[in-house]
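Working notes, structure below.
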Amino acid sequence: MGAIRLAFAVASYLLFFATFLYLAAFVGNLYVPKTIDAGGVLDPVSAAVVDVFLISLFGLQHSVMARSGFKRKLTQHIHPSIERSVYVLATVVVLWVMFALWQPIPAVVWATEGTAATVLWALFAAGWTIVFLSTWMLDHFELFGLRQAWFGFSGRNDHGPKFREPMFYRYVRHPLYFGMLVAFWAIPVMTVGHLLFAAVMSVYVLMAIRWEERDLTHALGEAYTEYRKRVGMIVPGIGKSR
């Protein structure tokens, strides 16, 4: 069974990695059949209702499954070594539902050309790069469930999370979320649909940070509490805990 669980974790990881790439292309209207501004048959109000529902579905899945209480209940039914992989696979499913059902609202809020467009594309690329690099600065394989599955397969004990401040994390507590916000907002042509996506996702990110920090404080104790007092939340120097 350990080998099957490990294979499941690897498959979940690969599916997520492909989905991450598609998400970047979806948001940037790049090289994929369905993007944030492509397709759709609904009027703007109906489209907005559908889109807010889809983002809320993503937020609900992402937040509920990340809570310790849900994890405890889930691991009563599945092996603990694949709990994170189940979370990753559920995220993949919800994102593909969003890709498939998303309704664009094509009215243009702003459109840039030349140097301004180049700068925004550079920021867009930088945002996704920050997201990707941030996962490696802590433990990429733990974040996506491979570490847990490998330990379960090999029979070794995982000693749990340890507090560290590598690279970006010395300056902000949540560089991954910072990168996401940059990637969502830095776009040369901003439509109403894209603006709705960026705005609602930004609200969710700020809410998710609060929930995540509560769990991190519980897991890491005084070290994380002191870290919150020294380091800004998503912008250097801003959002320190008092």
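Given the peptides 130-138, 169-177, arrange them by the average over their residues of other C-beta atoms within 10 Å, most packed first.
Ranked by mean Cβ neighbours within 10 Å, highest first: 169-177, 130-138.
Determine the calculated [θ] at 222 nm for the chain from helices alone, applying -39500 (n - 2.57) to every DSSP H run no shorter than 4 residues and normalising by the residue count; nearest 500 deg cm²/dmol. Walk me through the numbers before you get to the answer.
Details: 10 runs with 160 residues, N = 242.
Per the formula, -22000 deg cm²/dmol.
What dipole magnitude, in Debye to the nearest 20, does segment 82-221 give about its Cα centre under +1 on Lys/Arg Cβ and -1 on Asp/Glu Cβ?
Working: 9 positive and 9 negative charges, 46 e Å.
It comes to approximately 220 debye.
I want to verify a result. In a Gaussian network model of the chain, Cα cutoff 10 Å, which of these has the top mean-square fluctuation: TRP102, TRP150, TRP211?
For the chain, modelled as a Gaussian network with Cα springs under 10 Å, the answer is TRP211.
Non-local amide H neighbours of VAL109 (under 5 Å, H modeled in plane, Pro and chain starts lacking H): which ones?
MET190, THR191, VAL192
What is the Cα convex hull volume of the chain when expressed per residue in Å³?
Working: hull volume 33.2 nm³, N = 242.
Once divided by residue count, the hull of the chain is 137 Å³.
Go through segment 54-70 residue by residue and turn each phi into a ³J(HN,Hα) via Karplus (6.51, -1.76, 1.60, θ = phi - 60°); whole Hz please, and just put x for glycine and proline.
Here the 3J(HN,Hα) series is 5, 5, 5, 4, 4, x, 5, 4, 5, 7, 5, 6, 8, 6, 4, x, 5 Hz.
Within the chain, count lysine pairs with alpha carbon atoms under 28 angstrom apart where the residues are 8 or more positions apart or belong to different chains. Don't jump to the answer; show the numbers that get you there.
Numbers: LYS71/LYS162; LYS73/LYS162; LYS162/LYS229; LYS162/LYS240; LYS229/LYS240.
Pairs that pass both the separation and distance tests number 5.
Which of ALA116, ALA24, ALA183 ends up with the largest GNM mean-square fluctuation for the chain, with Cα atoms connected below 10 Å?
Among ALA116, ALA24, ALA183, the largest mean-square fluctuation in the Gaussian network model of the chain belongs to ALA116.
In debye, nearest 20: dipole of the chain around its Cα centre with unit charges on the Cβ of K, R (+) and D, E (-)?
Numbers: 20 positive and 14 negative charges, 185 e Å.
The calculated dipole for the chain is roughly 880 debye.
Size of the dipole of segment 15-129 about the Cα centre, Lys and Arg at +1 and Asp and Glu at -1 on the beta carbon, nothing else charged, in debye to 20? Mind showing how you got there, number by number?
Details: 6 positive and 5 negative charges, 140 e Å.
Rounded to the nearest 20 debye, it is 680 debye.
Treating segment 1-66 as a set of equal point scatterers at the Cα positions, no solvent, please give the Debye-formula log₁₀ I(q)/I(0) at q = 0.15, 0.16 Å⁻¹.
-0.70, -0.77
Bear in mind that the values in this text are calculations on the coordinates, not laboratory data. All of these numbers come straight from a predicted model, not from anything done at the bench. FYI the Cβ positions are ideal-geometry reconstructions off the backbone, even for glycines, and counts take in every protein chain you see.
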